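Visitor: Here it is, the structure, as structure tokens.
The values are calculated or read from the model by the stated rules, or taken from the named source; none is laboratory data. Since this is a predicted model, take the numbers as computed values, not measurements. Here Cβ is always computed from backbone atoms with ideal geometry, including for glycine, and neighbour counts include all displayed protein chains. Just the protein is used for accessible areas: all its heavy atoms, side chains included, with ligands, DNA and RNA removed. Shrake-Rupley method; radii C 1.70, N 1.55, O 1.52, S 1.80 Å.
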Amino acid sequence: MTEYLGLPLSVRDNPRARRVLVKLIPGQGLQVVVPRGFDPGRVAGILASKRSWIERTRAVLEADGADLTGRTPDLPDEAAFRATGRTCRVDYLDRPGRTTVIENGPRILVRGPKDDPAALLDGLVRFTTAKAREFLLPRLDEASRRLDMPYSALRVRRQRTRWGSCSARGVISLNAKLLFLPAELVDHLLLHELCHTRHLNHSAQYWALVASHQPDFVRLEKALNRGIADVPRWFA
Ligand SMILES: [Zn+2]
């Protein structure tokens with residue numbers, strides 16, 4: 001079985017999984033995560049039992065503009081990290097086995113199986129997510145000290161649309177896609193999340209605090225809301 005309801009289907013086993021998980025992943029389609037040793041013959045029955053959830057979730061995601069057909073985006077030959085002002089050339093070297101990515105000056109070299117573009121892309125995406133963390137962490141630390149707004153930990157993940165969040169425990173999550181936004185917007189988002197360490201809401205007091213550090217916040221918030229369009233398709 002490679003498709004279900006016209007969606008590409010992949011079955012992945014995860015030794016840490018306790019039960020079967022069905023996921024809809026933008027850009028990939030349906031993914032079924034199964035515990036090790038799971039009988040693949042049971043996947044069809046599980047999908048059938050989840051059919052209405054799959055249809056509902058698909059409708060919601062597609063209404064939001066997500067592409068669930070799983071077409072692998074074209075591999076980029078250039079990566080323009082707007083936040084850092086760096087543009088790198090991306091080269092691919094055919095090599096069997098696991099994809100590895102190295103950086104050599106203004107070049108990114110992706111080594112992996114040429115006949116598996118999804119694996120090459122996955123390697124490049126993981127590399128870029130790590131780069132995003134390298135860029136965001138010192139910047140967040142600097143802003144946190146300057147504003148005297150401590151936070152407890154940073155998580156950087158590639159989230160679909162959300163730029164960031166801040167938990168009650170002061171854990172700040174940032175979207176790796178920020179690497180493709182202008183630095184001005186990244187800095188504004190850092191301020192936005194750090195202010196949540198004082199007010200865990202969007203109350204009038206919260207916005208007053210934001211405004212006291214960034215009077216132009218309305219324009220920047222609007223630009224952030226449109227920013228997702230600036231993320232290249234291979235990392236979207
Ligand atoms: Zn907020």
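Visitor: Given a cut-off of 25 Å, what percent of all Cα-Cα pairs of the chain lie beyond it?
Guide: Details: 14708 of 27730 pairs.
Within the chain, distances greater than 25 Å cover 53 percent of Cα pairs.
Visitor: Follow-up. So, by mean Cβ neighbours within 10 angstrom, what's the order for 132-144, 219-231 with the highest one leading? All intermediate terms of the calculation are to be shown ahead of the outcome.
Guide: On the way: 132-144: 16.9, 219-231: 14.4.
The densest-packed peptide leads the list: 132-144, 219-231.
Visitor: Starting from the Cα of Lys131, draw a straight line to each of the lysines and keep only those under 23 Å, dropping any in the same chain fewer than 8 residues away.
Guide: Within the straight-line cut-off, Lys131 pairs with Lys177.
Visitor: Where the only charges are on Cβ atoms (+1 Lys, Arg; -1 Asp, Glu), what is the dipole of region 107-204 about its Cα centre, to the nearest 20 debye? Display every interim value, and only then the final one.
Guide: Numbers: 17 positive and 10 negative charges, 45 e Å.
Dipole magnitude for region 107-204 comes out near 220 debye.
Visitor: On to the next question. If I take every Cα pair under 8 Å that is 6 or more residues apart in region 3-63, average their sequence separation and divide by the length, what percent do I get for the relative contact order? Intermediate results must be reported in sequence, preceding the final value.
Guide: On the way: 66 pairs, mean separation 18.0, N = 61.
After rounding, I find 29 percent.
Visitor: Can you list the residues of region 74-102 with backbone N under 13 Å from a point 7 Å past the Cα of Glu142, pointing along Cα to Cβ?
Guide: Correct set: 84-85.
Visitor: Still on this model: Whenever you get a sec, compute what percent of the accessible area on the chain sits on carbon and sulfur atoms (1.4 Å probe).
Guide: Details: 6550 of 13180 Å².
Answer for the chain: carbon and sulfur cover 50 percent of the accessible area.
Visitor: So what is the accessible area of the chain per residue, in Å², with the probe set to 1.4 Å? Present the calculation step by step, with values, prior to reporting the outcome.
Guide: Details: 13180 Å² over 236 residues.
I get 56 Å² per residue for the chain.
Visitor: Related question: Under a cut-off of 17 Å between alpha-carbon atoms, report the lysines in cross-link reach of Lys23, not counting same-chain residues fewer than 8 places apart.
Guide: Answer for Lys23, where 17 Å is the Cα cut-off: Lys50, listed by chain and number.
Visitor: Still on this model: Rounded to the nearest 5, what % of DSSP beta bridges with both residues in the chain are antiparallel? Provide the component values of the computation, followed by the final result.
Guide: Numbers: 19 of 35 bridges.
Given both bridge residues lie in the chain, the antiparallel proportion sits at roughly 55 percent.
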